[in-house]
1. Can you give the FRET efficiency to the nearest 0.05 for E649 and T55, using r as the Cβ-Cβ distance and R₀ = 22 Å?
2. Sequence neighbours fewer than 8 away in the same chain don't count; with that in mind, list the lysines whose C-alpha is under 21 Å from K539.
3. Using a Cα-Cα cut-off of under 18 Å, which aspartates and glutamates could be cross-linked to K480, ignoring same-chain neighbours fewer than 8 residues away?
4. As an exercise, identify the chymotrypsin sites (Phe, Trp or Tyr not before Pro) in segment 391-437 lying in DSSP coil whose Cβ has no more than 14 other Cβ atoms within 10 Å.
5. What area, in nm² and to one decimal, does the C-alpha convex hull of segment 142-248 cast on average over all directions?
6. Tell me the trypsin sites (Lys or Arg not before Pro) within segment 399-485 that lie in a loop according to DSSP and have at most 10 other beta-carbon atoms within 10 Å.
7. On a C-alpha basis, how far is the centre of segment 493-513 from the centre of segment 551-568 in Å? Whole number, if you could?
8. Helix 135-151: angle to the longest alpha-carbon principal axis of the chain, degrees 0 to 90, nearest 10?
Amino acid sequence: MRSSDTQHRQLPWLLLALILALTALAYWPGTRGVFLLDDYPNLLESPAFKHLQPTLGSFVRATLSSHSGPTRRPIAMASFALNVLATGGGGSLKYDATVMKWTNVAIHLLNGLLIFLLLRLLLGEYRRLRPETSENTCNWVALSVTAAWLLAPINLTAVLYVIQRMTSLAATFSLLGLIAFVAGRRRLYERRALKIGGLLLAAALLCTGLATFTKEDGALTMLYALVIEWVFFRLRNRDGRYSGTVIGYFTLFLLVPLILGLMWVVPLSVNPVAWQARNFNLGERILTEGRVIWHYAWWTLVPDLNSMSLFHDAFAVSRNLIRPWTTLLAWIGIAALAVTGFATRRRYPLIAFGLLWFLAGQAMTASFIPLELVYEHREYLPSLGLYAAILGTLLTATAKTPYKRLASAAIIAVIALYGAALGLRSIDWSNPLRQLRIAATTHPDSPRATYSYARILTIVTNVDPRAIPAAYQALEKSLKVPGQGILPDATLIILSHRTDHPIKAQWYQRMARVLAARSANAGDISAINSLIQCALHEKDPCHLDPVMMRIVFASALTRKNPNPAIMAMYGNYLLNVTHHPLQARKIFKALVESSPRSAVYHFDLGVTEVRCGNLAAAKKELGILGTLNSLGVSNHFIKSLSQLIQSAERSGSMHEKSNQTP
């Protein structure tokens, strides 16, 4: 009997191990893929990562190198820095992203384990509400929901898109926090081990902070906890009385931060400047997100590989409630989901939990914050709610009926379908040329998809000149996509230089028109940077048209609130490409005045002063860098500028001696 009980208890864990192994197998082909999109500015093109060394200062600099979000996401960036250091330092960061992708897969598997643990805790509370439900049924619910989530094709971009470790690692801390919350809340509910319960609730807050500093949507951890509280504990203790401790906990650590956050975010979001780089305004974003949420639900439940993609930048914007007409229908449907979630709490707790969890997960990315409209990785944690609502309810509702085996077979078939679809999608991601060709074919109106395919063809021309005509054709086709930025123009200029083709003035002219019409986005900044880096190439520098480049920069910088990154690039261009240090000094002085705590701007100004012959001014900037050198983050700048000043002093001394020689 004991042997049978032991086997019965071990079976869920053995099956979970099998599911984790199958998940790793499904993701294995995709780990051979390459870096994409935001991986470049955040990692490959980041000076902090290019020059990363195993020193505290260098590590801290890389950790704080991201400019994404108000927190700068230091925990996620620290994990990338550790990846790079483990494989040999900044010089090892090449096109091979295998190590980083496998790290992401490991995080995903860990999250699967944490979801299983969280579900077992929640289903323990479910059994308290529904005593007729057996432990065996709860085990199958936990396994089924975990398997569906682990193998869900919609979660692939959060795993194989390297930079979206920000999403998956934030989920790790959120799940740890929620496990701590449920474990602590159970103790408070039963009025036992109250000190341990209090420590666990405090640990939940700590994990929320860690999640938030990994990626901002980690702040939703406490909102997820409120969903759990409302469905399973209902703000009460075992004696049925409301818990003042729990009400105070959510008031202090959810309601108050929410109010403070809104006081900070709302003024920024209603400012028209925040929307200059978008093709939609605040109201249109909110309207559009209603339709986006239903697309998320569809992709979560149905592995529609033709419409799922890394690229959704061509998603149609809702201009009002009836343009398109599905906008009104979508928001009515969302209201219906919310009402259903609240109405089913007592009779069908898993439906209530799943729907409210899913909607809670949209609270930040589907709101008035001026983010882009659609990304599949945003559903990494919210998708769990739909699987819990549907699979959990189906298994518990049929557990004691003749349909039990039919329901189980259907769920196993769905999970197998998810696994097969995930495997196929992972295979597509293993070959970047095939992956991006499929994306450009299935999303021909996407500026990013069409350019990414053209870009990979351009890279292929380095080893296969026969791809040159195809690269030109893809780049010219990408130029014609509505809403396209200036990346294709910059790539055409670089490719034409490298292949000795004529460089067309219309590419410069189009860049100027685009930058004059709207604020520069990350792609535009990357395009300008690529041109400057090409012009600075030691062996075969690009010969950029100086008149046209000035027009391009003027188009971007004469706008209200010019982008500081483009200003810095213009200073770099003037200093190192056209060799006009006096003009560059004006640029860097303006940047230092606007951002006096920015070490990189003081370094740039110091270098410029050396080039102008103002060594005293350069030494002043060196002194300022010393005051900004917390934890050694400016060591690299200080060392480089010191060497430059010393070299200039030696050169000046030698020049004086030569003048004194009779």
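Each reported figure results from applying straightforward, stated rules to the coordinates on display, with no laboratory input. Note that the coordinates shown come from a computational prediction; the quantities given were computed from them, not determined experimentally. Please note: Cβ atoms are built from the backbone with ideal geometry, for glycine as well, and neighbour counts cover all protein chains shown.
1. 0.25
2. List returned: K50, K94.
3. D313, D445, D489, D524
4. Y403
5. That works out to 7.4 nm², a quarter of the Cα hull's surface.
6. Answer by residue number: K480.
7. 20 Å
8. 20 degrees
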